[in-house]
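A.B. asks: Okay, handing you the structure first.
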């Protein structure tokens, strides 16, 4: 039979309430009693029932995390940042990926009702109406790299526009006249902002240049597809700026496989500065965004909302992006 809290209390020679207080970190018992109870808990291998505990404390000590995907270095870094901040606060994570449309997002959100103390959401399909229709009004929520925050929900994102603008400025400064852009998925907030930065910089810094945009979806495969097309094109651009590093790396592999040298035949740049970007050959010029830090800060803001409901201001925070110049654009090797 499973060990119960009553068994622990009897073995420890204390009340059930004292065992509960020791497990929940209450200050109303002495350190000696807490240590004694926790030693008994460990010896008896007692596992508190999370559902029962939530009934008495009103908290599950669990945070829900909804991401568009769990594959790839970008999302693993996001989760790493969230996990580091959560473990420091004794919180657990319930993670779900969202591969479908708004209906799937709504189902995933509803599945977490009553099971989490707060929710971190990154999805191109989320808007304020979807959240309000599927969640209790008092559930703390922080949106990550999503455009739906507004006055109702706190949000945190990268300065994608300025990062893309800085990259185009670098490429123009290096003398590249025809700069193409490999875009991210349609409807994705980050992809839209990076495309907007590309167009704005090109119009301001190279007004005679014609914009050239290729469709992509943030995957390595879409980068390979564009890389193959450019490798055999009779009139390819001087430089290709991909909206994320995975697409840039996919393009790089195809361009090199077809015998092209970078940046002599075509310069290449990405966005995100995932770890592998510095190890490919040539090392990839990119825009560095603090991926793990986004996860840390989002969790911190959510935890503040949970601890002080109604007293935490709803704000939109933007994390700075940084140009990182490496060999793929011929501009040096600054890591």
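The values are calculated or read from the model by the stated rules, or taken from the named source; none is laboratory data. On a predicted model such as this, the values are computed, not experimentally measured, just so you know. In this analysis, Cβ positions are derived from the backbone assuming ideal geometry, glycine residues included, and neighbour counts consider all displayed protein chains.
A.B. asks: State the number of residues belonging to segment 283-312 that are touching a strand residue (DSSP E or B) at 6+ places or on another chain (Cβ under 8 Å) and not in a strand (DSSP E or B).
C.D. replies: Here is the first cut: in segment 283-312, the ones touching a strand residue (DSSP E or B) at 6+ places or on another chain (Cβ under 8 Å) are 284-291, 293-295, 297-299, 301-303, 305-306, 312.
Those left that are additionally not in a strand (DSSP E or B): 284, 289-291, 293-295, 297-299, 301-303, 305-306, 312.
Total meeting the criteria: 16.
A.B. asks: Quick check: anything in segment 299-310 in contact with a helix residue (DSSP H, G or I) (Cβ under 7 Å, 6 or more places away or on another chain) and not assigned by TED's automatic domain parsing to the domain that holds residue 170?
C.D. replies: yes
A.B. asks: Within segment 232-264, track down each residue that is surrounded by 14 or more Cβ atoms within 10 Å (Cβ to Cβ) and assigned to a helix (DSSP H, G or I).
C.D. replies: 245, 246, 247, 248, 249, 250, 251, 252, 253, 254, 255, 256
A.B. asks: Take residue 267 and tell me if it is buried (at least 21 other Cβ atoms within 10 Å of the Cβ) and within 24 Å of the chain's Cα centre (by Cα). Spell out how you get there, then give the answer.
C.D. replies: Details: buried (at least 21 other Cβ atoms within 10 Å of the Cβ): yes; within 24 Å of the chain's Cα centre (by Cα): no.
Spelling it out, it is not the case that residue 267 is buried (at least 21 other Cβ atoms within 10 Å of the Cβ) and within 24 Å of the chain's Cα centre (by Cα).
A.B. asks: A follow-up question, please. Going residue by residue through segment 119-127, is there one that turns out to be more than 19 Å from the chain's Cα centre (by Cα) and either surrounded by 23 or more Cβ atoms within 10 Å (Cβ to Cβ) or not in a helix (DSSP H, G or I) (or both)?
C.D. replies: Among the residues of segment 119-127, not one is more than 19 Å from the chain's Cα centre (by Cα) and either surrounded by 23 or more Cβ atoms within 10 Å (Cβ to Cβ) or not in a helix (DSSP H, G or I) (or both), which makes the answer no.
A.B. asks: Got a sec? Which helices (runs of 4 or more DSSP H) wholly within segment 1-105 have at least 3 residues that are at pLDDT 75 or above and within 30 Å of residue 289 (Cβ to Cβ)?
C.D. replies: 73-87
A.B. asks: Specify the residue that is modelled with the highest pLDDT; the eligible residues are those in segment 130-148 that are surrounded by fewer than 22 Cβ atoms within 10 Å (Cβ to Cβ) and in a loop (DSSP other than H, G, I, E, B).
C.D. replies: This residue is 139.
A.B. asks: A follow-up question, please. Which one of 186, 169, 200 is free of Cβ contacts under 8 Å to residues at least 60 places away in the same chain, out of contact with any strand residue (DSSP E or B) (no Cβ under 6 Å at 6 or more places or on another chain) and not in a helix (DSSP H, G or I)? Break it down into steps so the answer makes sense when it comes.
C.D. replies: On the way: 169 fails: not in a helix (DSSP H, G or I); 200 fails: not in a helix (DSSP H, G or I).
Among 186, 169, 200, only 186 is free of Cβ contacts under 8 Å to residues at least 60 places away in the same chain, out of contact with any strand residue (DSSP E or B) (no Cβ under 6 Å at 6 or more places or on another chain) and not in a helix (DSSP H, G or I).
A.B. asks: Regarding segment 257-267, can at least one residue be identified that is touching a residue at least 12 places away in the same chain (Cβ under 8 Å), closer than 15 Å to residue 168 by Cα and assigned by TED's automatic domain parsing to the domain that holds residue 170?
C.D. replies: Yes, segment 257-267 contains a residue that is touching a residue at least 12 places away in the same chain (Cβ under 8 Å), closer than 15 Å to residue 168 by Cα and assigned by TED's automatic domain parsing to the domain that holds residue 170.
A.B. asks: Also, quick follow-up: Restricting to segment 207-231, what's the tally of residues that are part of a loop (DSSP other than H, G, I, E, B) and within 18 Å of residue 266 (Cα to Cα)?
C.D. replies: Step one: filter segment 207-231 for residues part of a loop (DSSP other than H, G, I, E, B), giving 207-211, 215-219.
Within this subset, residues satisfying the condition of being within 18 Å of residue 266 (Cα to Cα) are 209-211.
Matching residues across segment 207-231 total 3.
A.B. asks: With (1) surrounded by fewer than 20 Cβ atoms within 10 Å (Cβ to Cβ); (2) closer than 20 Å to residue 116 by Cβ; (3) without any contact (Cβ under 8 Å) to a residue 40 or more places away in the chain as the list, and residue 152 as the residue in question, which single condition is left unmet?
C.D. replies: Going through the list (1) surrounded by fewer than 20 Cβ atoms within 10 Å (Cβ to Cβ); (2) closer than 20 Å to residue 116 by Cβ; (3) without any contact (Cβ under 8 Å) to a residue 40 or more places away in the chain, residue 152 breaks only (3).
A.B. asks: Going through segment 156-173 one residue at a time, which ones are modelled with pLDDT under 95 and over 17 Å from residue 191 (Cβ atoms)?
C.D. replies: 156
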